[in-house]
Structures are given as structure tokens and as C-alpha cells.
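Novice: Structure incoming, see below.
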Amino acid sequence: MKKKSKHIIFLFGLLIVAFLLNILLAGSSILKLDELNFDNYIFTHIRLTKALTAILCGICLPLAGQILQVLFRNPLAGPYVLGISSSASLFVGIVIMVFNTFGLMGHLFFSKAAIVIAAFCGSLLCTFIILFVAKKITSNVFLLLIGLMLGQIFGALQSFTEYFSSDKSLREFVMWGFGALGNTNYFDLTIFSSLVVVLVIALFFLTKPFQVFLLGENYANALGIDFKKYRVYFIVISSLFTALATAFCGPIAFVGLSVPIFSRLIFKTSDQRFQLTACLFLGAIIILFCDMIGYLILPDRIIPINVITTLFGSPFVIYLLFKTKNW
Amino acid sequence: MDKLQLEIKNLEIGYVNKQHEISVFKNINASFTNGQLIGLVGNNGIGKSTLLRTIASLQQKLSGDILINNNSIEKLRKEETAKLISIVLTEKISGFNLTVTDLISMGRVPYTNSFHELQENDFIIINECIQLCGLTDHKNKLLAELSDGLFQKAMIAKGLAQQTNLILLDEPTAYLDFNSKQELFTLLNNLVVKNNKCIIASSHDIELLLKYSTHLLVFGDNNEFEFIETNGCRSNKLFQKVTKNYFD
């Protein structure tokens, strides 16, 4: 018990450090400590919003991943297995194309809001399809396969859209696909953070059924936990986490799949309340650091967050897997 | 511990598949109480697992009644059922850093608060179950590291931690070597004799059932069914028929 509290305090400390370093270092210039005041535009409206977005995104995706990995009892599951990000991408692709065709893309605020809304609607559409399927189908493996198929369908439709897009639309769409943390303002952050808080609280009230889900459908039912009912809750929560992150930051790769695995490998506990908390901190810390590395590697170029998370994270997870015999 | 009275009346078991009912076995009649070890005997696919799953409310019956202490089982809430019946299935569980102790503590789920926080009393019960099943030396092992025999014991310990009068086991001795089978049945026998549990187990190890069980449910072809005492079962016609190849 005591060890777990120590771990959480350590993670919290690390998060503060990562947050501060990110604010100081992750930008076109290195901020000095005395520049950290709210009158400084760069601090208030660029660095701080970006760091807060990084934290929120780092909370959403690993939690979504952990939920799906436990639900399917398979560490290969991630926020994207149910086709959610593919349908978000498709919607964003369509919006960018349509807006460019009608010359609406110039209005910055309008177009950004449209992309966020499109990504969110796309994610929700896929979530509803998955929920509909989940009510009809008991087998988890079938559900997983159907999610993958949906992803393929949305992906193909998106290629179809891209084929008919102008160069300008394509470029904008590719840029969106790199993922970006710096596109949010305080209005976005208010919506983003309040929804994340609600979802996290809801999830923590469901930790008991979540714990029992480790044993699978039959044993959950035999222990008095209504598997089908809670499965719906967990799908909704993880989909909303994915939808939010994708809407505000684009499809951020890697963290959703690997942070839960990473956390399991280093903390070696099956206690889901701890595991979820650890995922939430680790995700935020990793995204903050990756964002920072992206600014520091090349002198006057910013490397997209997705490149960093994957290039730096994957070898580390592979290393841990080599060290671990069983889990 | 309260007394348990489980009655099965004209039960028909099977599956519901898009409005079609597929009957697996019907007209099952039996009644069980504490201190009994009941063996289910019959060929693969005859309905032994289906019966166990139906009693545990993991699937719907097609007709008839299952009464537990004179209450129809489907009228009980899931949480209440979980305090009366535990089940060990054939599926393997591992991964997610689950250790033997983690697994056994899941047995406390029907009793813990909504955050599954274990209290003093829960830890005492979990430790008792670990000792009773001879898992003291293995309690911190990951499930993935266990042999099949130890895994079965851990699952039984989880069922014990659930503190149910009735424990259902689906082929607990499958995949086990001879010594482990013997050990497992000794454990089941102890639970019945010393702890006054009622255990229903399907098994193809007829000799062990003959040695340790008190009653047998025999499933034959063409819906032939007998509920008999193990003493003197060798003279039962259906038992002879079902186990003919075994003893030849």
C-alpha cells in the first residue's frame, strides 16, 4: 500500500518537472524563469496552453488504451482498434476538402472549430456503430474484428477522399495527421479539461467492475458484475477519451497503445486503480517530454510529436519486454 | 454457514439462437445439499458444462426450475447469486500482472465496497483460502508461471474466498498429471468433509469419482439420465453403459 502511494507521489513530482521544463524549453526560444508571468503573451497563450493540452492528451489516450486492453484482455488493443480515429480522420478529411472547395478555410477560427467538431462527430459515429454491434454480439473477439474492419472501411473512404482532394487540402490534412498540441486556446481548454475531469471521475467510480474485467466475461458475471452492462460503459468512456484527444490534437500515435504496457512492465501490479492512475501520469509526462524533445533536436525545425513518441518510446518498450519473462 | 438446498426440477438446458431453442438435455431432476461431492459423468458434448453454466446463471435455462433454498435462481440478483454459487471453468486466465493472491482476492468482490477495498477480515479469509489449498509457497507467483495443477487450485481458492456453499467445477482435472489429479480430489474431499461444502464437478476420471464422490449425475445418450449415490453405482444400468469402455 505504502509503496503505491510513493510511486504516485514520485509520478506527480515528475509531472511537475516535465511541465515546467516543457514550458521553459519547448518553443522557438528558451524562456527565462522571470518570463513566467501572465503578462507575457508567449508564456500565457502559447507555452502554457500547449503544456496543458499535452497533459490532457496524455491523460486521455493511455486511459482509453488501458480500458480497451483490459476489455479485450489483449495488450494489442489501443484507442484506435475500434476504428475511432479512422472515422475521425475521415470526417476531418471531408471537412478540409469541402471547406477548401468553397474557400471557407481562410477564416482561422471557423476552420479550426470545424475540424474539432468534425473529428469529434466522426469519433462518436464510430462509437455508436460499435455500441450497436456490441449489443448484438457477445463475442469480444468478433467485436474487436468488427472494429478493425470499420477502421479499414473508414480508411478506404478517406483514401477515396484524398484522391479527389486538391494539393492544398492534402497538405492541410497531412499536417493534421502529424498531431499537434499547440492548436488550442483557453476556450478549447475549458471544454477539453472539464470533459476529461468528468470522464476520469466516472472511470474511477467504475474501478471495481474494471478490476473484475481482468478475469473475463464468465468470471465477471459469476462474481455478480454485469459484464454486458459495464462493457457498454467502458466502450463509451474509452471512445470519448479517444474522441476528445483526436479532436483537439489530431491522431497522436503510440501513447495510447504503449503507455499502458509500459506502466504494467515497470510497476508490475494488477491493481487497476493504481494502474489507471499510473497511466494517467505517465501519459502526461511522456507527451510533455516528447513535445520538448521535438523542439530541441534540430536548431530551427520542429519535429512532429508523433515522430518523437514512436521513435523514442518503442525501443524503450521493446527493451522492457526483453527484460520481462511474464506479466 | 447457512444450509444449502439446491433442487433441480424437470430442467431443460441448451442454447437460444435467434428464436430457435437448441435443447441439449432435458428432464434433469436432482437435489443437493451440504457435504456432498457430486460427479457429473458423461461423454463430451452431452451437456455437463451447460448444466454447470446454467446453475451458475451464466446462461439461461430452457424450461424447468432451479431452486436454491426454495428460491428460483433467476429471481436472485447477480450479487446475491455470487454469494451462493462460485464456479471454476476450463478457461485459462493470465496476464496483466495477476498473481495468485490477486486472483483469490477477486473472490471477495461480492462482499467489498464499490472500490473493492479489502478490509482486515477479507485478508484473513484470503489467507485461509491460500493455506487450505496449499498455495502458501506460490501466493506471490504470477498466474502465467503456474503449472496447470496449481492454477486449478488457485481458481478453487478464489471460489472458496467467495464463501459460497456451492462450488461448481468444470473438468478440474483436465490437463493434470496423475499426482495433481489425486491431490486435487483430496482437496475437494476435504472441502466437502471438513468445510461442509457442496461441490459439483464434471470429470472423466471415473476412478477418482468413485473414490471421492458421494453422488453421481450420469448423462447417457438419448437423454437417459440418473442421479445416484456413488456407493453401489457399479450396479446401475446407465452407469454401466456410459462407462463400459472405461472398465473393459
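Bear in mind that the values in this text are calculations on the coordinates, not laboratory data. Small disclaimer: the values here were computed from a predicted structure and weren't measured. Glycine gets a Cβ as well: all are built from the backbone with ideal geometry, and neighbour counts include every protein chain shown.
Novice: Over all residues in B:103-111, what is the mean tally of Cβ atoms on other chains that come within 10 Å of each residue's Cβ? Provide the component values of the computation, followed by the final result.
Specialist: Values: counts 4, 0, 3, 8, 2, 1, 11, 4, 1.
Across the residues of B:103-111, the mean count of other-chain Cβ atoms within 10 Å is 4.
Novice: Mind ordering A:14-23, A:138-147 by average Cβ neighbours within 10 Å, highest first? Walk me through the numbers before you get to the answer.
Specialist: Working: A:14-23: 17.4, A:138-147: 15.9.
In decreasing order of mean packing, A:14-23, A:138-147 become A:14-23, A:138-147.
Novice: So, one more: How shielded is A:210-217 by partner chains, expressed as the average number of their Cβ atoms within 10 Å of its Cβ atoms? Before the final figure, lay out the partial values.
Specialist: On the way: counts 1, 8, 3, 1, 9, 9, 4, 2.
Going residue by residue through A:210-217 and averaging, the value is 5.
Novice: If I model a spin label as a point 7 Å beyond the Cα along the Cα-Cβ vector, how far apart are those points for B:Lys9 and B:Tyr246 in nm?
Specialist: According to this spin-label approximation, the distance is 3.1 nm.
Novice: Please enumerate, by chain and number, the lysines with C-alpha under 21 Å from the C-alpha of B:Lys26, excluding those fewer than 8 residues away in the same chain.
Specialist: B:Lys9, B:Lys18, B:Lys48, B:Lys61, B:Lys237, B:Lys241
Novice: May I pose another question? Would you please give the FRET efficiency between B:Leu67 and A:Lys2, computed as 1/(1 + (r/R0)^6) with r the Cβ-Cβ distance and R0 = 56 Å, to the nearest 0.05? Write out the running numbers ahead of the final one.
Specialist: Numbers: r = 48 Å, r/R0 = 0.86.
Calculated value: 0.70.
Novice: Let me ask something else about it. So if I place +1 on the C-beta of Lys and Arg and -1 on the C-beta of Asp and Glu, and nothing else carries charge, what would the dipole magnitude of the protein assembly as shown be about its Cα centre? I want it in debye, nearest 20. Mind dumping the intermediate values first?
Specialist: Numbers: 48 positive and 40 negative charges, 42 e Å.
Result for the protein assembly as shown is approximately 200 debye, rounded to the nearest 20.
Novice: Just grab the label-to-label distance for A:Phe10 and B:Glu229, each label 7 Å out from Cα along the Cβ direction, in nm (one decimal).
Specialist: 6.3
Novice: So if I place +1 on the C-beta of Lys and Arg and -1 on the C-beta of Asp and Glu, and nothing else carries charge, what would the dipole magnitude of region A:186-303 be about its Cα centre? I want it in debye, nearest 20. Write down the numbers at each step before the final one.
Specialist: Numbers: 8 positive and 6 negative charges, 75 e Å.
I would put it at about 360 debye.
Novice: Rank-order A:69-78, B:18-27 by packing density, defined as the average count of other C-beta atoms within 10 Å over each peptide's residues, highest first.
Specialist: Numbers: A:69-78: 19.8, B:18-27: 11.9.
Ranked by mean Cβ neighbours within 10 Å, highest first: A:69-78, B:18-27.
Novice: Could you tell me which residue out of B:His204, B:Phe115, B:Ile156 lies farthest along the dipole of chain B toward its positive end? Charges go on the beta carbon: Lys and Arg +1, Asp and Glu -1, centred on the Cα centre.
Specialist: Towards the positive end, the residue furthest out is B:His204.
Novice: Taking the Cα atoms only, what angle lies between the long axis of helix B:120-132 and the longest principal axis of chain B, rounded to 10 degrees?
Specialist: 60
Novice: Once you've got the GNM for chain B with C-alpha springs shorter than 10 Å, pick whichever of B:Gln131, B:Gln60, B:Gln119 has the biggest mean-square fluctuation.
Specialist: The residue that fluctuates most here is B:Gln119.
Novice: Need the C-alpha centroid separation for region B:183-221 versus region B:1-33, integer Å.
Specialist: Distance between centres, Cα-based: 20 Å.
Novice: Other chains near B:87-96: what is the mean number of their Cβ atoms within 10 Å of each residue's Cβ? Intermediate values should be presented prior to the final figure.
Specialist: Details: counts 5, 2, 4, 0, 5, 1, 6, 4, 10, 16.
Taking all residues of B:87-96 together, the mean is 5.
Novice: So, with +1 on the Cβ of K and R and -1 on the Cβ of D and E, and no other charges, what is the size of the charge dipole of region A:2-323 about its Cα centre, to the nearest 20 debye? Display every interim value, and only then the final one.
Specialist: Numbers: 22 positive and 12 negative charges, 236 e Å.
Around 1140 debye, computed over region A:2-323.
Novice: Just want the answer: with Cβ charges of +1 for Lys and Arg and -1 for Asp and Glu, which residue in A:Thr269, A:Tyr230, A:Cys249 is farthest toward the dipole's positive end in region A:208-300?
Specialist: Checking the options against the dipole of region A:208-300, the answer is A:Tyr230.
Novice: Considering Cα pairs under 8 angstrom that are at least six residues apart, work out the relative contact order of chain A and quote it in whole percent. Provide the component values of the computation, followed by the final result.
Specialist: Values: 443 pairs, mean separation 106.1, N = 327.
Rounded, it is 32 percent for chain A.
Novice: What is the angle, in °, between the Cα long axis of helix B:178-193 and the longest principal axis of the Cα atoms in chain B? Nearest 10 is fine, range 0 to 90.
Specialist: Approximately 90 degrees, to the nearest ten.
Novice: What are the DSSP H helices in chain A that stretch 30 Å or more along their long axis, judged by alpha-carbon atoms, and whose average Kyte-Doolittle hydropathy comes to at least -0.5?
Specialist: Values: long enough: A:2-25 (34 Å, 1.48); A:48-71 (35 Å, 1.67); A:108-136 (43 Å, 1.90); A:140-163 (34 Å, 1.25); A:227-249 (32 Å, 1.14); A:272-296 (35 Å, 1.52).
Going by DSSP H runs, the hits are A:2-25, A:48-71, A:108-136, A:140-163, A:227-249, A:272-296.
Novice: What percentages make up the Cα-Cα pair-distance distribution of region A:2-323 when the bins are 10 Å wide from 0?
Specialist: 6, 26, 34, 24, 9, 2, 0
Novice: Across region B:208-224, in residue order, what do the Karplus-derived ³J(HN,Hα) couplings come to in whole Hz, using 6.51 cos²θ - 1.76 cosθ + 1.60 with θ = phi - 60° and x for Gly and Pro?
Specialist: The phi angles translate into 5, 5, 4, 6, 10, 7, 9, 9, 10, 9, 9, 9, x, 5, 6, 6, 7 Hz.
Novice: Could you state the angle between the C-alpha long axis of helix B:148-161 and the longest principal axis of the C-alpha atoms of chain B, as a value from 0 to 90 degrees rounded to the nearest 10?
Specialist: Tilt relative to chain B: about 80 degrees.
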